[in-house]
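Dropping a structure here in C-alpha cells format, bear with me for questions.
Since every read-out is calculated from the coordinates, none of them should be taken as a lab result. Bear in mind that the values here come from a model prediction, so they are computed numbers and not experimental data. FYI the Cβ positions are ideal-geometry reconstructions off the backbone, even for glycines, and counts take in every protein chain you see.
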Amino acid sequence: MKPSGQMFSGDFLLGFVIFFAALTLILSVWSTTTREILSGENHLAMEERGSDAVEKLLRTEGIPRNWSETNVLSVGLANSSRILQETKVSSFITMMRDNVSGDCGGTYTKYECKRYLLGMGEYNFLINISNLSGSTVYVNGMPAVSGRFPVNQSLSLKIERTAVYMGEIVRIDLTAWK
C-alpha cells in the first residue's frame, strides 16, 4: 500500500493567505510604479513643451519677421537672441488677453489658438515678464502677463529665463500646467 498524502485545511488556508498577500503586494507595487512612470513622462513632456515655447519666444523674431495678430505663423518676441522688441511684446500680450472666438477655426478661443502657435499642445501656460526685483513689467499700461492662471492643476512647473527688454534685464517666467 502506498502512503497517501494528507492536506490539512489549515495548511491550505495558510498557503492561500500567503499567496494572496504576495499577489496583492506585487499588484500594488506594479500600480504605484506605473503611476510614477506616467507622472514622470507627463512632467518631462510638459517641461520640453514649455522650454521650447519660451526659447522660441526669446530667441526668434517669429514668422513672418514683422508678424501681427492676423498673419502670425510662429510667435517670437526677439530682435536678436534674448533682446526683446517692445512692439512684439505688446502685440503678444494684447492678443493673448483677447478671449473671443479665435482665428484658427471652429469654436476655439484666441488663447487656444495662441497656445497652439507656441507649441504648448494640451498644456496651459502663464507668462509673466518681471524686473529682477520681481515686479511685473508694464507694456503700454498693461501688465506683461499673458495666458491663464493655474486653476485646479494636477501638474505644473515653472521655467525661468532672462532677457533684455528696453535696455533692462528682465525675467520671463513661464508656468506650464495641466
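Applying 1/(1 + (r/R0)^6) with R0 = 35 Å to the Cβ-Cβ distance of LEU132 and SER74, what FRET efficiency is obtained, to the nearest 0.05?
It comes out at approximately 0.75.
What aspartates and glutamates could a cross-link reach from LYS110, if we take a straight Cα to Cα line under 12 Å and drop same-chain neighbours fewer than 8 places away?
Within reach: GLU69, ASP98.
Pull out the extension gain between ILE37 and ASP11, defined as 0.36 nm times the separation in residues minus the alpha carbon to alpha carbon distance; nm, one decimal.
5.5 nm is the gain from fully extending ILE37 to ASP11.
Excluding THR162 itself, calculate the net charge of residues whose Cβ lies under 9 Å from the Cβ of THR162, where each Lys or Arg counts +1 and each Asp or Glu counts -1.
+2
With a 10 Å cut-off between alpha carbons and a GNM built on the chain, which of SER146, SER28, SER90 moves the most?
SER28
Still on this structure, please answer the following. Choose one answer from ILE18, ILE127, ILE159: the residue with the largest mean-square fluctuation in a GNM of the chain with alpha-carbon springs under 10 Å.
ILE18
Sorting LEU73, LEU117 on the 10 Å Cβ count, fewest up front, what's the list?
Taking fewest neighbouring Cβ atoms as first place, the list is LEU73, LEU117.
Quote the charge dipole size of the stretch 11-177 about the Cα centre in Debye, to the nearest 20; the model charges only the Cβ of Lys and Arg (+1) and of Asp and Glu (-1).
420
Once you have a ≥ b ≥ c as the square roots of the Cα gyration tensor eigenvalues for the stretch 137-178, tell me rounded if a/c is under 1.5, and otherwise prolate or oblate according to whether a/b is larger than b/c.
The shape class here is oblate.
Let me ask something else. Most fluctuating residue of VAL54, VAL17, VAL89 in a GNM of the chain with Cα springs under 10 Å: which is it?
VAL17
Okay, next question. Could you work out how much longer the chain between TRP30 and GLN153 gets when fully extended? Use 0.36 nm per residue separation minus the Cα distance between them, nm to one decimal.
41.7 nm
Could you name the aspartates and glutamates whose alpha carbon sits less than 15 Å from that of LYS158, not counting residues in the same chain fewer than 8 places away?
Candidates past the 8-residue exclusion: GLU47, GLU48, ASP52, GLU55, ASP173.
Counting other C-beta atoms within 10 Å, which of TYR138, TYR123, TYR111 has the fewest, and how do the rest follow?
In increasing order of surrounding Cβ atoms, one gets TYR138, TYR111, TYR123.
First select every other residue whose beta carbon is under 9 angstrom from the beta carbon of GLY119; then total the charges, Lys and Arg +1, Asp and Glu -1.
+2
While we're looking at this one, here's another question. Arrange LYS56, LYS114 by Cβ neighbour counts within 10 Å, fewest through most, would you?
Final ranking by Cβ density, sparse to dense: LYS56, LYS114.
Contour minus end-to-end for ILE18 and ARG161, with contour as 0.36 nm per residue of separation and end-to-end as the Cα-Cα distance?
Here the segment from ILE18 to ARG161 would lengthen by 46.0 nm.
Is it possible to state the helix-based mean residue ellipticity at 222 nm for the chain, with each DSSP H run of 4+ residues giving -39500 (n - 2.57), the sum divided by total residues, to the nearest 500 deg cm²/dmol? What is it?
Result for the chain: -14500 deg cm²/dmol, rounded to the nearest 500.
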